[in-house]
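Where a number appears in this text, it was derived from the coordinates with a stated rule and is not lab data. Note that the structure is a prediction, hence the values are computed from the model and not measured. All Cβ positions, even for glycine, are placed from backbone atoms using ideal geometry, and neighbour counts span all protein chains on display.
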Amino acid sequence: MMTDYIIVGAGPAGCVLANRLSEDASNSVLLLEAGGKDWHPLIHMPAGFAKMTKGIASWGWSTVPQKNMKDRVFWYTQAKVVGGGSSINAQIYTRGNARDYDAWEKEEGLAGWGYRDVLPYFKRAENNQRYANDFHGDQGPLGVSNPISPLPICEAYFRAGQEMGIPFNPDFNGASQEGVGYYQLTQKDARRSSASVAYLKPIRTRKNLAVRTDVLVTRIVVENGRAIGVEIVDKPGRETNILRAEREVIVSSGAIGSPKLLMQSGIGPADHLKSVGVTPVHDLPGVGSNMQDHLDLFVIAECTGDHTYDNYAKLHRTAWAGLQYLLLKKGPVASSLFETGGFWYADPTAASPDIQFHLGLGSGIEAGVEKLRNPGVTLNSAFLRPRSRGTVRLKSADPADHPLIDPNYWSDPYDRDMSIKGLRLAREIMRRRRFNPTCCARCCPALPCRATTNCSTMPAAVPRRIIIRSAPAAWAMTTWPW
């Protein structure tokens, strides 16, 4: 039986499309996913994100050696599971800057992409546990909430930022993005609210929707200039099979997976396709080009006491954390571990923030990032507006081969300069006396200070080393020598 719509990739876009298209009972929809179901319990526990960075439910891809970074190779995590990145990320809910949407409309001529045009769709998606206003909705499927278990060190970070002139911002998705504050998270009832949970799980009983996992799509089948279906392998070593679509084939396999599949299908730059043994079907030079990515630079500092979640690695404290979560839905397991951050400027002439901060409530949270012997805290800075451009290319005609991922980091010197300025901002925040874990562990910010030691005499956190990683969701394995 032929299907109306075949959707390739059950990440956030694929889950949403499957939900919306199958609302019409006259449509038949088939959703295909190369990974498995989101059954792993760590996927649904907020703090399980830390384990995701080690390779659970991901493809295991890496970049090519980065020529502007001494040929370093970076781990490049891309999800391989129903829900895609929303099943393995840190659950931070950010939409981007309103000015970017407006620029797409005014400068690029993309009518309907202004911020006020897309805002209703964001609101429609949200089931926000705190806000219901001009910027937020509370009737949608996607759970959005404030952190459940923030630590006092987060408040110390806010005060350090304000001492540097960075204001506190209660809502990064509201009227203004700049400032420091708590991120809202894609969580509901202390569990991850992934696209799979929010959009797919409630509709799995629809008779006009079929979801198939562990199915590798090897190419899009094109006849007479039209995509008429897909070629799949549903078990390793088996023969390929063709599934046909009556109306559309929708490719939603992510920033790396989508161009990879198109090129495997003969859709892309003809010269490159020929060089790897793929017969061109449609010469489309832009496929796999203009890749834009950014790096996170980490400052890791040793704390003056037990003020982060580092010591929960000990067996008895891990057991206690598990009980807290199961019985009370609180504690370290209910934390995304990176739920505090902010937006600010490396380039003071920028029209909108170009640096994003994330405060990690520990050290060694992500793969490749150093874990300190004593309790530590991590502050990373990401330069958000890189000018460098990279590519995604095929290694060979074999669909099982990894793609050649080349973000081309820091090919534009401006990116390096701004990244280092952002790193220096993070380091300065760490060095502020206001950022004092011992003092703030004893105080509530709403009450007079009850610390027994004068804050001005207490040692600030001291940066120990700087780690570098690439984003989105891609973790490096090297220490940057500053």
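Things to note:
- Lysine-lysine proximity count for segment 120-271, Cα under 30 Å, sequence distance 8 or more or distinct chains: 9
- The stretch between Lys329 and Asn27, if pulled fully straight at 0.36 nm per residue, gains 104.7 nm over its current Cα-Cα span.
- Separation in nanometres of the label points that stand 7 Å from Cα toward Cβ, at Ser289 and Asp401: 2.1
- Of the residues Phe357, Phe135, the one with the fewest other Cβ atoms within 10 Å heads the list, and the complete ranking is Phe135, Phe357.
- Centre separation in Å (Cα based) which lies between segment 127-195 and segment 344-403: 20
- Rounded to the nearest 500, the helix-only mean residue ellipticity at 222 nm of the chain stands at -6500 deg cm²/dmol, with each DSSP H run of n ≥ 4 adding -39,500 (n - 2.57).
- Spatially proximal aspartates and glutamates relative to Lys329 (Cα-Cα < 16 Å; intrachain offsets below 8 disregarded): Asp189
- For segment 93-143, Kirkwood radius (reciprocal of mean inverse C-alpha pair distance, Å): 11.5
- Nearby aspartates and glutamates by direct alpha-carbon distance to Lys395 (threshold 15 angstrom, same-chain neighbours under 8 apart not counted): Asp271, Asp406
- Residues of segment 6-32 with amide N under 14 Å of the 7 Å Cα→Cβ point at Asp234: 30-32
- Label-to-label distance, Arg204 versus Ile242, with points set 7 angstrom from Cα along the beta-carbon direction: 3.3 nm.
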